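Working notes for the structure below.
FYI, it's all coordinate maths here, none of it is from the lab. Please read all numbers here as calculations on a predicted model, not as lab measurements. Cβ sites come from the backbone with ideal geometry, for glycine too, and all protein chains shown count toward neighbours.
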Ligand SMILES: Nc1ncnc2c1ncn2[C@@H]1O[C@H](COP(=O)(O)OP(=O)(O)O)[C@@H](O)[C@H]1O
Ligand SMILES: [Mg+2]
């Protein structure tokens, strides 16, 4: 069993980060750390927080660089003195457990134009995103940071988008198409089939520990128990790993058409 995500308490709301639509904010916590917080009361709700943990921690367990993820306990009164009305109502709606991403100070957006990431790392990122259906790694919106000369992966909240329909009784399948043509790593990536041969067999063995890191109260109450919800995510990954010749083949075809 892995240990749970570290929990910190928010002590100060510093500033909003207005790039995406979800209004993440920079928050200081009682360990004196600074975190980029994804709020439970934001538009995409708890599903985005679940996707951040499942994808971020799976990526980490497969050796990809992801900033530390923590649970940020927030007192909704923290927004009392906040002049921005939108931020104030977001904080009011976000009492309890939120997601924090360790803030990388001085980092900036990475694309292969900034520096060549290497064919191997590029292929790993492309493979991960195809596995988890992450559409947020385009040239316009790479969600990669360069920090201390290294590339870091952030912002996985839009992945696993099928879970927005769990409440409709909907079950995940392996059959969703992933369009890699806009992926920021596509022109520089090496063989995704090689990465799949290496990392594919490691997904399911890593997954139970990863899913255990998701706080119970973030999981969809449409399932009888939190563990039933975890099983639905597991079923998706099991189907996806079994179906890898198809989707890896599609990514490779997109890569061949581009290169
Ligand atoms: N851990 C981090 N360290 C430094 N900057 C970050 C970090 N996480 C996010 N940012 C900055 O905040 C922006 C928005 O965060 P992101 O996670 O991409 O959320 P969204 O795109 O949903 O608004 C990023 O594009 C990046 O510039
Ligand atoms: Mg983003």
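What the table shows:
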read-out	value
Rg/Rg_globular for the range 108-258, with Rg_globular taken as 2.2 N^0.38 Å and Rg from C-alpha atoms	1.08
The range 125-187-the range 1-44 distance, computed between alpha-carbon centres (Å)	21 Å
Nearest 10 degrees, 0 to 90: helix 119-132 Cα axis against the chain principal axis	70 degrees
Two-decimal Rg to Rh for the chain - Kirkwood Rh, Cα set	0.96
Calculated [θ] (222 nm, deg cm²/dmol) that DSSP helices of n ≥ 4 give over the chain, each run adding -39,500 (n - 2.57)	-11500 deg cm²/dmol
Approximate shape of the range 7-102 as ellipsoid semi-axes (Cα gyration tensor, √5λ), whole Å, largest first	22, 14, 11
Cβ crowding within 10 Å averaged over residues, with 139-150, 54-65 ranked highest first	54-65, 139-150
Length-normalised contact order for the range 114-156 - Cα pairs under 8 Å, 6+ apart - percent	25 percent
Exposure proxy ranking, count of Cβ atoms within 10 Å, fewest first, for 15, 254	15, 254
Acute angle (nearest 10 degrees) that the helix 226-242 long axis makes with the longest principal axis of the chain, alpha-carbon atoms	20 degrees
Virtual spin-label span in nm between residue 253 and residue 140, 7 Å along Cα→Cβ	2.6 nm
Cα-based helix-to-principal-axis angle, 45-61 vs the chain, degrees rounded to 10	50 degrees
